[in-house]
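Below is one structure; the comments refer to it alone.
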Amino acid sequence: MAPLRSLVLLALFAPCLAAQAAEAIAGSFGVTAAAEAVFATGPDYSARFDASGARIIPLLGKGVAADPSLGFTFLAATRGGATVGTQAQAAPRVRGQAICYERGDVEERYEARADGIEQSFVFSHRPAGSGDLVVRGRITTALPLAASGDESLRFELPGLGGVAFGAVTGVDANGVTMRGALRLCGDVLELSLPAAFVDAAAYPLVLDPLIGTAFAIGNDPAHDDVHPAIAFDATNSRYLVVWAVQIPVALMTPAHTEIRGQIVAAGGGLQGSQLLLATTGHENAEPVVANINSTNRFLVAWPYQGTTSVTAGFSARAVSAATGAMSNEIAAGGGLFETFEPHCALGGDSRTGLFAGQHALLVYHAYPSGFSSFHEIRAHRIQVPTTGDPVVEPTLMLSSSANELGDVAVSPHCGSALAGRWLVAFGQSLVASSAVWTRIVAQVVDSSGALCGTPATIVNSGSGADLRDPAVATRDGNEFVVAWHDAVANTVKLRRGVVSGACGSTSLAWDAILSPIVQAGAAKSPAIVFARDKYVLAWQQFVSGMRAYTKGLDPGTCASCGREERVDATIVTDAQPALASRWDGGDTTSDQAMVAYSTGGAIFARHWQLHGTPGITSLGGGCGIPGISDYASYHGQPVLGDSTFGVDLVGPTSPVLLLVVGFTAVNIQCGACTLVPSLDVVLPGVSPTSIPIPCEPGLIGADLFTQWIQFRPSGCPLLPDFGFSNCLQFTIAE
């Protein structure tokens, strides 16, 4: 790759932060190099890489008679009549969790991830020729072709799964993205980027499809499975996905929904059988779910309708994260002559130990006593004990108005402090009882059920506005991010706020309103969570059809911190994506999350890891009389947005003179010494030295080489009094 000097210099001279212990990014995947090949494994796949190319093997379970594997053999990369990359035999190289092939002027790369194999092609400089840039490879598989289009390709066994190639994306060194196309011509797959983007791009340029497939959660063949919601339990390392199965009036009167659920392992495998939570949900019911970490149970809530039109409300039941055992169904609000939206919101509690709580917060919009000209936002704390049925506490009145209220949302947990806090957001019209929402309002509720202050306005767009679908995330119960759909601007916006003061004197300070989505196309249906050191935003966007995307956001500013990535190759046709992070369920060491969504009347999910796995390799080069502990190490991780990353010289036994940081390896030898990095940056020999990684997408895949120089005899004739440490090579990941 070409060096990205300006961006890495920005990181090197950023303000230094305190060092912390090194922390490996854990996940159920990995790469193993053997004499005959390189192997990669993940929760639902295995892969082999040798001189003939790549072969992906989806793990479809026992009893699959056909060979489910798919091979990809690189043929060529061309631009017009010019050949950019060739099929020359090349042995794979391992760099961290990436497997790389050198193909002339292009690097063919496969990164092992928990959610699949990410295939990419890296062009270090502008390719010769003119016209579209096209990469061609031969597909060999016995899997049937299930779907083929200009942005997706699937080979799969019906009902079991297989291998999919997702939409092609070009990403240049500045993070600018462009949708490409894929086409299957016989057994040859063509991946292409348009000429105008190739000409204008900053290099290196990455052509980036994702090999893998989302997994099915629920698919009732006779009815539509819609409106998924998801939460995570840290103790059992499991998600619970819930959704509605719509039963139309033609089949049963009155029309209603079943509420179903499925426990899913952290890495993506289904655990146990599907749960039938209710058979009498409102016909447009949107179920919600939250986790109570201290009791290792989920709480699921949904709107119901009685046998008569005058009875309606909300029901709930608890589900064991360990076994799937369900409590009895309880009434959580409503009754005679009550009218509700078929949408509610539910916040859980991720705390354990001294600060542990056992309550969730259910929030909903009601028309009291059937009067549609008066609106209320109500809430109930619901106790979820370790065993037995949940217990509903008295109503909390958050807001009332003669004008329209609704579209409630609440943070997925109440933070980590002794007095935890949820943030409730909802829409309000300043125009009339039945008008669209012109502002988004927030109310802080502490974990004891007390209202902290009065509702505060997050955004007020005035007459003519149309604000919808707020979503709330929190890091710790003090810092919150609220996202919403601006239907006039056809995009998603968000705002970060910080709560200060005790509940009796709470104040909210809000940062500027941001529009985080870069690519063109109408965007809506935001979901947002916090995942260890970034916020994660998911949304739907119309880009040659409606599709679901995610991206990371800087935790301090909510600026973009990563690429906008497709969740799956299929077109999303109905419900908004749902998102849960492991952080929300109490796992503060993980950056992983899961996205659930509905498409084609079925529920799918995809495991998501906010960071890729960086490459960290010791290249040697050390010389001189070694001390007991004179070796190079690091802290944090070389990933986008990690402000804690830096390098160390552990236990130096002689004075440290310099730290050399290079963007390429030059390997200058002198006696037993090798100076590995290029002399791009030379810093004072202060260990540890912080190198915060900024949120610059152009850094993805860039290399950083670091090596220490000390005052000690080395045996190098040119520098006899200077010894070198081993050199560390870091390949930066998202």
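The values are calculated or read from the model by the stated rules, or taken from the named source; none is laboratory data. Keep in mind that this is a model prediction, so the values were computed, not measured. Here the Cβ positions follow ideal geometry from the backbone for every residue, glycine too, while neighbour counts run over all protein chains shown.
Within the bounds of the stretch 494-506, is there any residue that is in a strand (DSSP E or B), under 21 Å from residue 556 (Cβ atoms), over 20 Å from the mean Cα position of the chain (by Cα) and touching a residue at least 24 places away in the same chain (Cβ under 8 Å)?
Yes, that holds for at least one residue.
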Original post:
Can you tell which of 468, 351, 378 is among the basic types (Lys, Arg), closer than 25 Å to residue 287 by Cα, surrounded by 23 or more Cβ atoms within 10 Å (Cβ to Cβ) and out of contact with any helix residue (DSSP H, G or I) (no Cβ under 8 Å at 6 or more places or on another chain)?
Top reply: 351
Subject >> All positions within the stretch 58-88 that are touching a strand residue (DSSP E or B) at 6+ places or on another chain (Cβ under 8 Å), farther than 20 Å from residue 39 by Cβ, at pLDDT 85 or above and aliphatic (A, V, I, L, M) >> reply: 75, 76, 77, 84
**OP:** Would you please name the residue that is farthest from residue 389 (Cα to Cα), looking only at residues in the stretch 288-313 that are modelled with pLDDT of 90 or more and in contact with a Cys (Cβ under 9 Å, 6 or more places away or on another chain)?
**Re:** 288
Original post:
Restricting attention to the stretch 239-255, and to residues there that are outside any loop (DSSP other than H, G, I, E, B) and surrounded by fewer than 24 Cβ atoms within 10 Å (Cβ to Cβ), which single residue is modelled with the lowest pLDDT?
Top reply: 247
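When the residues of the stretch 418-430 are narrowed to those that are among the small types (Gly, Ala, Ser) and within 17 Å of residue 505 (Cα to Cα), which ends up surrounded by the fewest Cβ atoms within 10 Å (Cβ to Cβ)?
Looking at residues that are among the small types (Gly, Ala, Ser) and within 17 Å of residue 505 (Cα to Cα), I get 419.
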Original post:
Scanning for something modelled with pLDDT of 85 or more and not in a strand (DSSP E or B), does the stretch 15-24 turn up at least one residue?
Top reply: no
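Yes/no matrix, rows are residues, columns are (1) assigned by TED's automatic domain parsing to the domain that holds residue 100; (2) modelled with pLDDT under 90:
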{"site": "167", "(1), (2)": "yes, yes"}
{"site": "178", "(1), (2)": "yes, yes"}
{"site": "184", "(1), (2)": "yes, yes"}
{"site": "207", "(1), (2)": "yes, yes"}
{"site": "222", "(1), (2)": "no, yes"}
{"site": "229", "(1), (2)": "no, no"}
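One line per residue, one yes/no per condition, for (1) without any contact (Cβ under 8 Å) to a residue 24 or more places away in the chain; (2) touching a strand residue (DSSP E or B) at 6+ places or on another chain (Cβ under 8 Å); (3) aliphatic (A, V, I, L, M); (4) not assigned by TED's automatic domain parsing to the domain that holds residue 472:
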position: 580; (1), (2), (3), (4): no, yes, yes, no
position: 587; (1), (2), (3), (4): no, yes, no, no
position: 591; (1), (2), (3), (4): no, yes, no, no
position: 594; (1), (2), (3), (4): no, yes, yes, no
position: 623; (1), (2), (3), (4): no, yes, no, yes
position: 632; (1), (2), (3), (4): no, yes, yes, yes
position: 640; (1), (2), (3), (4): no, yes, yes, yes
position: 645; (1), (2), (3), (4): no, yes, no, yes
position: 659; (1), (2), (3), (4): no, yes, yes, yes
Original post:
Does the stretch 439-454 contain at least one residue that is over 24 Å from residue 356 (Cβ atoms), of a type in the set (A, V, I, L, M, F, W, C) and touching a Lys or Arg at 6+ places or on another chain (Cβ under 8 Å)?
Top reply: no
Subject >> Residue that is crowded, with 24+ Cβ neighbours inside 10 Å and touching a residue at least 12 places away in the same chain (Cβ under 8 Å), where the choices are 473, 509 >> reply: 473
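Filter the stretch 389-415 for residues that are part of a loop (DSSP other than H, G, I, E, B) and buried (at least 18 other Cβ atoms within 10 Å of the Cβ) and give the result.
Listed by number, the residues that qualify are 390, 404, 411, 412, 413, 414, 415.
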